[in-house]
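Novice: Dropping a structure here in structure tokens format, bear with me for questions.
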Amino acid sequence: MSTEAPPKTYRVESFGCQMNVYDGERMGEMLSERGIAPAADGEDADLVVLNTCHIREKAAEKVYSRVGRLTKAGRKAGKQPLIAVAGCVAQAEGEEIMARSPAVSMVVGPQAYHRLPEMLELAVAGGRATDTDMPAIAKFAALPPRNAGGRKSAPAAFLTIQEGCDKFCTYCVVPYTRGAEISRPFSDLVNEAQKLVEAGAKEITLLGQNVSAWSDEDDKGRAVGLAGLIRALAKVDGLARIRYTTSHPADMDDALIAAHGEIEKLMPFLHLPVQAGSDRVLKAMNRSHTVDSYLRLLERFREARPDLALSGDFIVGFPGETDAEFDETLKLVDAVGYAQAFSFKYSPRPGTPAATMEGQVAMEVMDERLQRLQAALNRDQHAFNQASVGQTCQVLVERKGKHEGQWLGKSPWLQSVWFEGDCAIGDLVQAELMEAGPNSLAGRVLIPAHAT
Ligand code: 5AD
Ligand code: SF4
């Protein structure tokens, strides 16, 4: 590939989980720091970073097809963009991508993206570079501060506090692509939260593949877990809301349960994946919890915070799952009454134990199960929204709506709330929830932010 002019504009396309959204923002911040501007909507960027997800089906194929479309558009425009593949597909299949796709000049894993600027120099000079090392903590230390150069944050920001997973659920690639569990240091996190708030964040969601396994020592040298970190962050002035995701049922300790009852800034929402409603399937998944232990755990959270909204993840059609076992998943859903949830068809991931298990379930069977499960989850989400009608709560204004004067914000229970009124993005307004749809609610502002 020939020597190129340094890129002036970039676009990061993030797929998959919120951790990728966080990583995508940090890569963008690093590029901005070096004078490369984000491309305007619809504009061809000189540098495109595909920040990929490997968790389910045909991940690599999606990358090749996106690269194909980018090079085709480049031919039309008479200028090829520099293409970097980042994220979990880069980690898992980086070498093949380099071999198969000459248009890709950089492959960078999720723990190595702080090296993107050096790799970019090489790519601009006509070279190609792959970095899928896993130095973990080194990455965070090498990134610019969140408010560098007066950068603004969205009102609802993400903060990665933990990465990697040691749980090895038998269907999951994460322990291989994101590596072993690491916790970022306490003081770095308090510092990053402060910078985010200075940059305009009102709400911070603490992220980790297994966020409840976070641990470190606080500023006084005492051992702290997630609850201790949340307590410390609750003292950050100007930060109004704290959330966290994703947790594993095996790592939820008493302190975290108590925190839900005691810390006002900790929002009444818990995303706690369960995956299936049959103990036999859970065991085959290596989940290290049973249906009963999961339900008892939720009970304790609800005792601490009675208005807690619950969310979960589900997989249908895990190898060997029978109709009767799937019915147990529906039974569990009925018992919990989720406020929202994510559900997926099982997808065999190369290199994971479940991919070679006997009894792979036919696609039509999975389709049918997913439809039934989603019907039940949608029904419960709608019911949860309907039960919220008449409540008064704070709504964090996140963006403008389609019509003049219309806004979209989030309730404490993570529901989308539409309303009209005189406010601005980042305001916390007091609103009454008036009408419920399956995916959102209509609200009415009682007290605008400037009146509080
Ligand atoms: N197939 C289907 N769903 C999966 N998930 C993880 N691995 C797979 C897989 N191989 C789902 C789980 C997890 C969520 C992030 O993605 O439900 O909680
Ligand atoms: Fe994957 Fe299980 Fe770890 Fe979640 S807990 S990231 S599903 S291995």
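Novice: Modelling each spin label as a point 7 Å along the Cα-to-Cβ direction, I'd like the Ala355/Gln371 distance in nm, to one decimal.
Specialist: So the label points at Ala355 and Gln371 sit 3.0 nm apart.
Novice: Quick one: which of 222-234, 366-378 comes out on top by average Cβ neighbours within 10 Å, and what's the full order, highest first? Don't skip to the answer; put the middle values down first.
Specialist: Working: 222-234: 19.2, 366-378: 17.1.
Answer by packing, highest mean first, reads 222-234, 366-378.
Novice: Any chance you could check the Cα centroid distance between segment 333-387 and segment 1-54 for me, in angstrom?
Specialist: Between the Cα centre of segment 333-387 and that of segment 1-54, the gap is 33 Å.
Novice: How much length would be gained if the chain were fully extended between Ala148 and Ser32, taking 0.36 nm per residue of separation minus their Cα-Cα distance, in nm to one decimal? Spell out each step's value before the answer.
Specialist: Values: separation 116, 0.36 × 116 = 41.76 nm, distance 0.98 nm.
Value of the extension gain: 40.8 nm.
Novice: Loop-only check: which GluC sites (Glu not before Pro) in segment 1-104 are DSSP coil with at most 15 other Cβ within 10 angstrom? The partial results should precede the final answer.
Specialist: Values: sites: Glu4, Glu13, Glu25, Glu29, Glu33, Glu43, Glu57, Glu61, Glu93, Glu95, Glu96; in loops: Glu4, Glu43, Glu57.
Listed in order of number, the matching sites are Glu43, Glu57.
Novice: Further, regarding this structure: With a 4.7 Å Cβ cut-off, tell me which Cys residues in the chain come up empty for a partner.
Specialist: If one checks each Cβ against the other cysteines of the chain, Cys17, Cys53, Cys88, Cys165, Cys393, Cys423 turn up with nothing under 4.7 Å.
Novice: Answer with one residue from Val12, Ile315, Ser388: the one whose Cα lies farthest towards the positive end of the charge dipole of the chain, charges on Cβ with Lys, Arg +1 and Asp, Glu -1.
Specialist: Of Val12, Ile315, Ser388, it is Val12.
Novice: Given points 7 Å out from each Cα along the Cα-Cβ axis, report the Leu446 to Lys76 separation in nanometres with one decimal.
Specialist: Here the modelled spin labels are 5.2 nm apart.
Novice: Go ahead and run the numbers for FRET between Asp44 and Ala141, Cβ-Cβ distance against an R0 of 45 Å, rounding to 0.05.
Specialist: Working: r = 34 Å, r/R0 = 0.75.
So the FRET efficiency works out to roughly 0.85.
Novice: Quick one: length gained pulling Lys235 to Arg56 fully straight, 0.36 nm per residue minus the C-alpha distance?
Specialist: Full-extension gain reported as 60.6 nm.
Novice: Decide, for segment 36-151, between rounded, prolate and oblate: order the square roots of the alpha carbon gyration tensor eigenvalues as a ≥ b ≥ c, take rounded if a/c falls under 1.5, and otherwise choose prolate if a/b is larger than b/c, else oblate.
Specialist: In terms of gyration-tensor shape, oblate.
Novice: With charges only on Cβ, +1 for K and R and -1 for D and E, what is the dipole size of segment 34-119 about its Cα centre, in debye, rounded to 20?
Specialist: On the way: 12 positive and 10 negative charges, 50 e Å.
In total the dipole reaches around 240 debye.
Novice: OK, next. Sum -39500 (n - 2.57) across every DSSP H segment of at least 4 residues in the chain, then divide by the residue count to get the 222 nm mean residue ellipticity, nearest 500. Display every interim value, and only then the final one.
Specialist: Working: 13 runs with 158 residues, N = 452.
After summing the helix terms and dividing by the residues of the chain, the value is -11000 deg cm²/dmol.
Novice: Something else about it: Quick one: length gained pulling Gln386 to Ala258 fully straight, 0.36 nm per residue minus the C-alpha distance? Walk me through the numbers before you get to the answer.
Specialist: On the way: separation 128, 0.36 × 128 = 46.08 nm, distance 2.80 nm.
Extra length from Gln386 to Ala258 when fully extended: 43.3 nm.
Novice: Take every Cα pair under 8 Å in the chain that's 6+ residues apart, average their separations, divide by the length, and report that relative contact order as a whole percent. If you can, show how the numbers build up before the last one.
Specialist: Values: 906 pairs, mean separation 43.5, N = 452.
Answer for the chain is 10 percent.
Novice: Follow-up question, since we're still on this one. Name the long-range amide H neighbours of Thr130: under 5 Å, sequence gap of 5 or more, or other chain; modelled H, no Pro or chain starts.
Specialist: Answer set, sorted by chain and number: Val107.
Novice: Run the simple label-point estimate for Phe342 and Arg379 please: 7 Å along Cα→C-beta, distance reported in nm.
Specialist: Spacing of the two 7 Å Cα→Cβ label points: 2.5 nm.
Novice: Across the chain, what fraction of all alpha-carbon pairs, as a whole percent, falls in each successive 20 Å bin from zero upward?
Specialist: 23, 56, 21, 0
Novice: Moving on to the next point. Pairs to check: Lys202/Lys400; Lys152/Lys220; Lys72/Lys400; Lys62/Lys331; Lys152/Lys265. Give those whose C-alpha atoms are more than 24 Å from each other in this structure. Walk me through the numbers on the way to the answer.
Specialist: Working: Lys202/Lys400 17 Å; Lys152/Lys220 31 Å; Lys72/Lys400 34 Å; Lys62/Lys331 35 Å; Lys152/Lys265 22 Å.
Table pairs above 24 Å Cα-Cα are Lys152/Lys220; Lys72/Lys400; Lys62/Lys331.
Every number in this text was worked out from the coordinates using simple rules, so none of it is lab data. Computed from a prediction, not measured in an experiment: that's the story for all the values here. Using ideal geometry, Cβ is built from the backbone for each residue, glycine included, and neighbour counts are taken over all protein chains shown.
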